[in-house]
Amino acid sequence: MNEPIWTPDRERIEGSQIECFRRSVAVAYPGVTDTVALHAWSLDEPEEFWRRVWDLGVIGEPGDVVTAPPCAVGVDPRSVRFFPGSSFNLAEHLLAERADAGSDAIVAWREGDSPRRMSWSELRSQVAAVRAALAADGVTPGDRVAAWMPNVIETVVVMLAATALGAVFTSTSSDFGAAGVLDRFGQTEPVVLLAADGYRYGGRDFDVMDRLVEVAEGLPSLRRIIVVGVLDDRRDLAALPQAVTWIDYVAPFAGSPLQFTRLPGDHPAYVLYSSGTTGKPKCIVHRALGVALMHLKEQCLHLDIRAADRVFYFTTCGWMMWNWLVSALATGATIVLYDGNPLAPDPEILWNLAAEERVTLMGVSAKYLDAARKVDLRPRRTHDLAAMRTLCSTGSPLGVEGYRFVYERVHPDVHLASISGGTDLCGCFVGGDPTRPVYPGEIQGPMLGMAVEVLDEVGRPMRRGTGELTCAMAFPSVPLGFWGDDGTAFAAAYFDRFDRRWTHGDFAEFTPSGGMVIHGRSDATLNAGGVRIGTAELYSRVELHPEIAEAVAVGQSFDGDSRMVLFVRMAEGYELNDDVRQAVRADLRGSLSPRHVPAKIVAVTDIPRTRSGKISELAVADVVNGRSVRNVGALANADCLEQYRNRRELTD
């Protein structure tokens, strides 16, 4: 049996918020003797559990009913409403007045620059001014406010200002090309766009003003563009008649009162993007209160975040972990942002940040930890990380070597919380527990209130072996649906395979210790450093190259992580060579994003299709990852799969 790599001491257990929560529950429910029993209780008594989560610090009016209809196995998660009579505003929840109003609310590091700091009082004042400016531009509840931005303070301010009004906030990162931005925002039709003039990455400045003009022309819904001068705060905006600089937009409204529009808890707050395998990226609509409840539970109970902590997560504005990080404001913690390359030109920059800012929770991707291990970083020797209590890892499965790296080279007494969920729920199914041992290669277990099950191909629960990760009961952040969808695509994405159970698209298995191992995607959606990428948008660019007739892209489990492999069938008269590979990669990087660039591009002579003519990414993914091919009888040309098997190009 796997042996623990870390076990919390009694003082840490007794002082944790989840243990305090458990003790309060045990007064009325004496059988709740540990956090495993607490999880079981949270599923047996979901209404009582979520009422107690509200009491952790939600600001608003809950109403008289916790769930309607009752939350239980067999009740369609799409039908359940949490606190259906509530009145709530996400920004109000995140911006509660603090006794230490002069202390840092946000600290923002940017590659090559000195840190910027904003106090709680300054943040509230800035949000008030931008909210007033948005209202003056006619923004009303339900309107979309978009951000194509780096991870900087202005992005947080506009999100809070938009949601203070009841507008819906949606974002993507500055490294997306115009086509990728328009594929997303073109569907949600924002009335206001926040955009930077550029960004810095890996020691280089990237000016995106030409792209911004293209984006503006492709979004006729825009009434206003606010340009943040990341590279130059006084840009010439003559080519953008509806544009104004950030400074000029905010200044006239300085001193405005801070106001919040309370709305029903199910009012949409965010649209996040998670691409499917056909068509444009899916626009996932998230309810304000649902996200707040999920994040409060995860941050306070599972990760023990509290007031005066300093929370850092390496993320971009195109990943749900950005929304998650901003939610930490509700705990009274300071959030720490970083924008830039985490390894170059300074490979120790994130550890410098953690040490100098006295970070208590540091969050990174499994891929980052693996990269830090490979370049032989040893922060335990070189940096003072005494303030750090928790180190989070997400984005892809963290392998055993990643766990060993953390405890041997980073911090010997840190709670390493590997967490897994997704953009789809803007939260986590499984994650950390500061009162239980950490086992190498394992996530500690299901999160409270999450009825996590592993099912076999016919829907039978599995306590051993690998199957589909599912959730058998409703949770607050089940999305409202997809923007512009009548419910059909939403049902197909999560509910059609197993009736009345959320099917997430991950391969998973329970471990003897009660933990879980995530083995990667079980559907055809790619996962690049935590950002889900649909194959449709990838193919639409790749097949513009005349040398390429068609392509199929899959994720390959490799060296403890997942990487993208692009198989291409060349057009007649062409061969795959380094020039073609370079051209494809440059195009994907420029038109979509660096995350869309495949690690490997490999030539094949045929691509498997179903009998209805649809490309079967799942069959290729199964072969590449050494699994048995599912539903091979549905393929019209299954024999071509042999050329995908044991390819030499995929061994390094």
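Okay, here's what the table says:
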quantity: Residues of region 97-125 satisfying the condition of being closer than 22 Å to THR245 by Cα and part of a helix (DSSP H, G or I); calculated: GLU122, LEU123, ARG124, SER125
quantity: Hits in region 90-133 (condition: of a type outside the set (Gly, Ala, Ser), more than 28 Å from PRO62 (Cβ to Cβ) and over 23 Å from the mean Cα position of the chain (by Cα)); calculated: ASP104, ASP113, PRO115, ARG116, ARG117, MET118, GLU122, GLN126, VAL130
quantity: For ALA128: the one exception among (1) part of a helix (DSSP H, G or I); (2) closer than 30 Å to LEU350 by Cα; (3) in contact (Cβ under 8 Å) with a residue 40 or more places away in the chain; calculated: (2)
quantity: Selected residue (criterion: nearest to the chain's Cα centre (by Cα)) from residues of region 7-31 that are in a loop (DSSP other than H, G, I, E, B) and within 19 Å of LEU56 (Cα to Cα); calculated: SER16
quantity: Unmet criterion (only one of (1) free of Cβ contacts under 8 Å to residues at least 60 places away in the same chain; (2) in contact with a strand residue (DSSP E or B) (Cβ under 8 Å, 6 or more places away or on another chain); (3) hydrophobic (A, V, I, L, M, F, W, C)) for MET159; calculated: (1)
quantity: Whichever residue in region 216-233 is of a type outside the set (A, V, I, L, M, F, W, C) and more than 24 Å from GLY142 (Cα to Cα) and, among such residues, is modelled with the lowest pLDDT; calculated: ASP233
quantity: Criterion violated by TRP120 - all others in (1) under 30 Å from VAL215 (Cβ atoms); (2) among the hydrophobic types (A, V, I, L, M, F, W, C); (3) out of contact with any Cys (no Cβ under 7 Å at 6 or more places or on another chain) satisfied; calculated: (1)
quantity: Region 478-490, residues that are surrounded by fewer than 22 Cβ atoms within 10 Å (Cβ to Cβ) and part of a loop (DSSP other than H, G, I, E, B); calculated: LEU480, TRP483, GLY484, ASP485, ASP486, GLY487
quantity: ASP559, sole failed condition from (1) more than 24 Å from the chain's Cα centre (by Cα); (2) surrounded by fewer than 20 Cβ atoms within 10 Å (Cβ to Cβ); (3) touching a residue at least 40 places away in the same chain (Cβ under 8 Å); (4) not assigned by TED's automatic domain parsing to the domain that holds PRO479; calculated: (1)
quantity: Any hit, region 263-286, residues being crowded, with 18+ Cβ neighbours inside 10 Å and more than 30 Å from ASN527 (Cα to Cα); calculated: yes
quantity: Qualifying positions in region 185-205 - modelled with pLDDT of 95 or more, over 15 Å from VAL139 (Cα atoms) and surrounded by 15 or more Cβ atoms within 10 Å (Cβ to Cβ); calculated: PHE185, GLY186, GLN187, ALA195, ALA196, ASP197, GLY198, TYR199, ARG200
quantity: Sole exception among (1) crowded, with 23+ Cβ neighbours inside 10 Å; (2) over 23 Å from LEU425 (Cβ atoms) for ASP137, by number; calculated: (1)
quantity: Among (1) surrounded by fewer than 23 Cβ atoms within 10 Å (Cβ to Cβ); (2) in contact (Cβ under 8 Å) with a residue 12 or more places away in the chain; (3) more than 22 Å from LEU377 (Cβ to Cβ) - the single one PRO461 does not satisfy; calculated: (2)
quantity: Breaking point among (1) free of Cβ contacts under 8 Å to residues at least 12 places away in the same chain; (2) assigned by TED's automatic domain parsing to the domain that holds SER477, for ALA99; calculated: (2)
quantity: Residue ranges of strands (runs of 3 or more DSSP E) in region 234-307 with at least 2 members modelled with pLDDT of 95 or more and more than 29 Å from the chain's Cα centre (by Cα); calculated: 243-245
quantity: Selection status of LEU329, farther than 22 Å from HIS39 by Cα and under 16 Å from the mean Cα position of the chain (by Cα); calculated: no
quantity: Residues (over 22 Å from the mean Cα position of the chain (by Cα) and surrounded by 19 or more Cβ atoms within 10 Å (Cβ to Cβ)) located in region 436-453; calculated: ARG436, VAL438, TYR439, PRO440
quantity: Output for region 459-511, where each listed residue is polar (S, T, N, Q) and within 23 Å of the chain's Cα centre (by Cα); calculated: THR470, SER477, THR503
quantity: Test: ALA528 is among the small types (Gly, Ala, Ser), within 22 Å of TRP322 (Cβ to Cβ) and either in contact with a helix residue (DSSP H, G or I) (Cβ under 6 Å, 6 or more places away or on another chain) or modelled with pLDDT of 85 or more (or both); calculated: yes
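Let's see how each residue does on (1) among the small types (Gly, Ala, Ser); (2) under 27 Å from SER522 (Cβ atoms); (3) not assigned by TED's automatic domain parsing to the domain that holds SER540:
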site	(1), (2), (3)
ALA571	yes, no, no
SER593	yes, yes, no
VAL602	no, yes, no
ARG609	no, yes, no
ASN625	no, yes, no
ARG630	no, yes, no
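Residue-wise test of (1) surrounded by 16 or more Cβ atoms within 10 Å (Cβ to Cβ); (2) in contact (Cβ under 8 Å) with a residue 40 or more places away in the chain; (3) over 22 Å from THR331 (Cα atoms).
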| residue | (1), (2), (3) |
| --- | --- |
| GLU19 | yes, yes, no |
| ARG23 | no, no, no |
| VAL27 | no, no, yes |
| PRO30 | no, no, yes |
| VAL36 | no, yes, yes |
| ASP44 | no, no, yes |
| PHE49 | yes, yes, no |
| VAL58 | yes, yes, no |
| CYS71 | yes, yes, yes |
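The values are calculated or read from the model by the stated rules, or taken from the named source; none is laboratory data. Worth saying up front: this structure is predicted, and the values here are computed from it rather than measured. For neighbour counting, all protein chains shown are included, and Cβ atoms are generated from backbone atoms with ideal geometry for every residue, glycine included.
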